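Read the structure below first, then the notes.
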Amino acid sequence: MLKNKDNHIIEPLFSRDLIEKRVSEVAKQIAADFKGKKVLIIAVLNGSFIFCADLIRKLGGSFEVDFISLSSYSNMTSDGKVKLLSNFNQDLKDKNILIVEDIADTGNTLKFLCNLIEESNVKSISRCVLLDKRAARKTEVKIEYSCFNIEDNFVVGYGLDFNGLYRGLPYIGVLKIK
Ligand code: 5GP
Ligand code: MG
């Protein structure tokens, strides 16, 4: 339990070891499914940078990676409007794309990104998330790979922030403001 001067309480949810174990298992699944295929990972910044860094090191050297910066959150609510802050700089045509995202919450961000990528006539699109918050979903979106299902709580750590804080925590915890 971490409590700082802003009265933020972080209740641990997934430990560093458990995250490592699940990321390895999901990486194995992805490596098997895409064996012999060329894949471009598109990681959604900022939240997925640590997850993606761990995942890609478990996938080995044959996966390419690029980044896109999207935003839909202010404070602790997703406002539904996804903003494109910066785009990938390459032609996606005929590529197998694997989107790597920190959380599927309402689903708006993943939906927005899939629609954007589909405009490029890609060969395939798959989605991989660290956390799946099913209960908060507002738009249906397919998710092929997920490390953990979580309840509709606001979580931080392992790349996930609250107003810029807590990305560096090695575990994932539920943020409560008392
Ligand atoms: P969606 O578009 O699915 O509603 O939201 C997706 C984005 O909102 C995620 O990529 C993530 O950046 C942010 N988000 C959703 N839930 C949480 C949460 O519990 N904690 C944090 N830190 N970000 C979240
Ligand atoms: Mg995100």
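Hey, can you tell me all the residues within the range 166-178 that are of a type in the set (V, I, T) and open to solvent by less than 50 Å² (accessible area, probe 1.4 Å)?
Matches in the range 166-178: I172, V174.
E64 fails exactly one of the following numbered conditions: (1) within 16 Å of ligand 1 (Cβ to nearest atom); (2) in a strand (DSSP E or B). What is the number of that condition?
Among (1) within 16 Å of ligand 1 (Cβ to nearest atom); (2) in a strand (DSSP E or B), E64 violates only (1).
Among the numbered criteria (1) within 22 Å of R167 (Cα to Cα); (2) open to solvent by 20 Å² or more (accessible area, probe 1.4 Å); (3) at pLDDT below 95, which single criterion is violated by N149?
(3)
Quick one: in the range 95-106, of everything that is away from ligand 2 (no atom under 15 Å from the Cβ) and either of a type in the set (A, V, I, L, M, F, W, C) or modelled with pLDDT under 95 (or both), which residue is farthest from A27 (Cα to Cα)? Please lay out each step first, then the result.
Within the range 95-106, the first condition is being away from ligand 2 (no atom under 15 Å from the Cβ), and the residues that meet it are 95-98.
Imposing the further condition that a residue be either of a type in the set (A, V, I, L, M, F, W, C) or modelled with pLDDT under 95 (or both) reduces the set to 97-98.
Working: I97: 15, L98: 12 Å.
This residue is I97.
Looking at the range 79-98, I want the residues that are farther than 24 Å from K138 by Cβ and have a partner that is part of a strand (DSSP E or B) and open to solvent by 50 Å² or more (accessible area, probe 1.4 Å) with Cβ atoms under 7 Å, at least 6 apart or on another chain. Which pairs are those?
Note: pairs meeting the criteria are F88/F67.
Regarding the range 21-38, can at least one residue be identified that is touching a residue at least 12 places away in the same chain (Cβ under 8 Å), within 16 Å of ligand 2 (Cβ to nearest atom), of a type outside the set (G, A, S) and open to solvent by 30 Å² or more (accessible area, probe 1.4 Å)?
No, the conditions are met nowhere in the range 21-38.
Please enumerate the residues belonging to the range 54-70 that are within 15 Å of ligand 2 (Cβ to nearest atom) and free of Cβ contacts under 8 Å to residues at least 60 places away in the same chain.
F67, I68, S69, L70
Identify all residues within the range 90-143 that are among the basic types (K, R), over 11 Å from the mean Cα position of the chain (by Cα) and open to solvent by 20 Å² or more (accessible area, probe 1.4 Å); write none if there are none.
K93, K95, K111, K123, R134, R137, K138, K142
From N163, N87, grab the single residue that is within 16 Å of ligand 2 (Cβ to nearest atom), more than 28 Å from P12 (Cβ to Cβ), open to solvent by 20 Å² or more (accessible area, probe 1.4 Å) and modelled with pLDDT under 95.
Numbers: N163 fails: more than 28 Å from P12 (Cβ to Cβ).
Answer to the check: N87.
Of all residues in the range 132-153 being away from ligand 2 (no atom under 16 Å from the Cβ) and basic (K, R), which is nearest to I177 (Cα to Cα)?
It comes out as R134.
The values are calculated or read from the model by the stated rules, or taken from the named source; none is laboratory data. Quick caveat: nothing in here was measured; it's all calculated off a predicted structure. All Cβ positions, even for glycine, are placed from backbone atoms using ideal geometry, and neighbour counts span all protein chains on display. Side chains included, ligands, DNA and RNA excluded: accessible areas come from the protein's heavy atoms. Shrake-Rupley method; radii C 1.70, N 1.55, O 1.52, S 1.80 Å.
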